[in-house]
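Single-structure report; data block below.
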Amino acid sequence: ERVTQNILNDLMTIEPEGVMVIVEGKHSCIAYRGVRDDSTMITSAVGGLFKKDSSAKAEFINLLKLK
């Protein structure tokens, strides 16, 4: 979560209209030990336009679903 927020903060320094950061990570310490193989975590952070305008945020998320 902290890494995701740090990425957002760094990108906001170039003053874009909006930024949305989505990070998916795998808990390798758990996976390598064989405890669980599906140990992924997704975090997100939003700033600018995406934080203020929920329709812009929804449009962006829908575009991600197309991939």
Residues (among the polar types (S, T, N, Q) and at pLDDT 90 or above) located in segment 26-54: Thr43, Ser44, Ser54
Filter pass, Ile7 being out of contact with any Phe, Trp or Tyr (no Cβ under 6 Å at 6 or more places or on another chain), at negative phi, open to solvent by less than 70 Å² (accessible area, probe 1.4 Å) and modelled with pLDDT of 90 or more: yes
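The values are calculated or read from the model by the stated rules, or taken from the named source; none is laboratory data. Only a predicted model underlies this, so the values are computations on that prediction, with no experimental measurement involved. Reconstructed Cβ throughout: ideal geometry from the backbone, glycine too, with neighbour counts over all protein chains shown. Accessible surface areas use protein heavy atoms only, side chains included; no ligands, DNA or RNA. Shrake-Rupley method; radii C 1.70, N 1.55, O 1.52, S 1.80 Å.
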